[in-house]
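Some notes on the structure that comes next.
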Amino acid sequence: MIEQPCPGPSDPYPTRKAGEPALLYRTDPVVYGGPDDGPIDAGTLSSFDEKGFLTIEELLGAEEIERYRAELRRLSEDEAILRDDRTVTERGSDEIRSIFEVHKVSEVFAELVTDPRVVGRARQLLGSDVYVHQSRVNYKPGFKGKDFYWHSDFETWHAEDGMPRMRAVSISIALTENFVHNGGLMIMPGSHRTFVSCVGETPNDHYKESLRGQEVGTPDPDSLSILANKHGIDLFTGPAGSATMFDCNCMHGSNGNITPFPRSNVFIVFNSVENACEEPFAAPSRRPEFIAARDFTPVG
Ligand code: 6CS
Ligand code: FE
């Protein structure tokens, strides 16, 4: 008898427990607020509900982009930051892959967290006050930027950070041009309504490998094929300053970057204050706070 993950009152999204993968129905709403609760209009809200994401053509203006790009360069040249635990390098090189907790490392990036164009949209989608669960800049440098294999962020945040329900949203703001060829974000539209229960136990200190290239907690090829055949795959291209907001459970990933053109973005995750993280649902211990915040103070 193969033990199957059975959703229950204690854990509606069991994962990394059973010997077989499973596709489970999402039992949480997607959009918690309404058109009067923020800058997102009714049509865009219903599109987010259906697809799991929305795009913003020009979130940042030219001057702002220049400021953030200069800050990106400054961070990458700061010896202290290069030695910091929050800085993750690419597999097989010293190229910076990500800097986590970037809203604490950099006062410039911190401005985005309280920017009403950003947090106003997050509050509206989540229907409550929000706090920052995680932030990072991804450099995805030219030539050496590695891929981010297919995954649901929520699967990791549920299993390893103790995030109870699907009531979190990410914003990814392009800081360089996202072409079709330099490793842009791919999302399967509509995949946010299926929770892929993964196999494989979470190892101790899993983040030390997973942030450089996740394996445990990534779906099996059959589950990915079912979702890709059902939903297709959207690739996000756009100029620096454009942004994508996507639900915590979207199936997404991005290819490596062998072009000379970096694909850098800043990524902020807002979680509802009604959905504060508890204990990991499928991991031996909590991840460090720079990856999964334990300060649930609402963004001001
Ligand atoms: O493990 C995490 O929390 C991070 N990993 C990925 C690939 N996406 C979500 C998040 O930034
Ligand atoms: Fe992700």
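Compute the relative contact order of the chain as a whole-number percentage, counting only Cα pairs closer than 8 Å that sit 6 or more residues apart in sequence.
Relative contact order for the chain comes out at 32 percent.
Cross-link candidates for Lys104: which lysines have Cα within less than 29 Å, leaving aside residues fewer than 8 places away along the same chain?
Reachable lysines: Lys140, Lys144, Lys146, Lys208.
Of Pro260, His231, Val216, which is farthest towards the positive pole of the range 202-286's charge dipole, taken about the Cα centre with +1 and -1 on the beta-carbons of Lys, Arg and Asp, Glu respectively?
Pro260
In terms of Cα to Cα distance under 20 Å, which lysines are near enough to Lys230, apart from those fewer than 8 places away along the same chain?
Reachable lysines: Lys51.
Between Tyr68, Gly38, Val102, whose Cα lies farthest towards the positive end of the dipole of the range 1-102 when Lys and Arg beta carbons carry +1 and Asp and Glu beta carbons carry -1, centred on the Cα centre?
Val102
Would you grab the residues whose amide H sits under 5 Å from the one on Asn257? Only those 5+ places off in sequence or on another chain, please, with H modelled 1.01 Å from N.
It is Gly145, Lys146, by chain and number.
What does the charge dipole of the chain about its Cα centre add up to, to the nearest 20 debye, if the Cβ of each Lys and Arg holds +1 and the Cβ of each Asp and Glu holds -1?
380
Calculate the radius of gyration of the Cα atoms of the range 127-285 to one decimal place, then report Dmax, the largest Cα-Cα distance, as a whole number, both in Å.
Radius of gyration, then largest Cα-Cα span, for the range 127-285: 15.4, 43 Å.
Of the options Gly92, Gly127, Leu54, report the single residue whose Cα projects farthest towards the positive end of the charge dipole of the chain (beta-carbon charges: Lys, Arg +1; Asp, Glu -1).
Positive-end residue among those listed: Gly92.
Kirkwood Rh, the chain, all Cα pairs: how many Å?
Every distinct Cα pair counted, the radius reaches 19.3 Å.
All of the numbers you see were taken from the coordinates with simple rules; none came from a lab. Please read these numbers as outputs of a predicted model, since none were measured by experiment. Every residue, glycine as well, gets a Cβ built from its backbone with ideal geometry; the counts of neighbours run over all protein chains shown.
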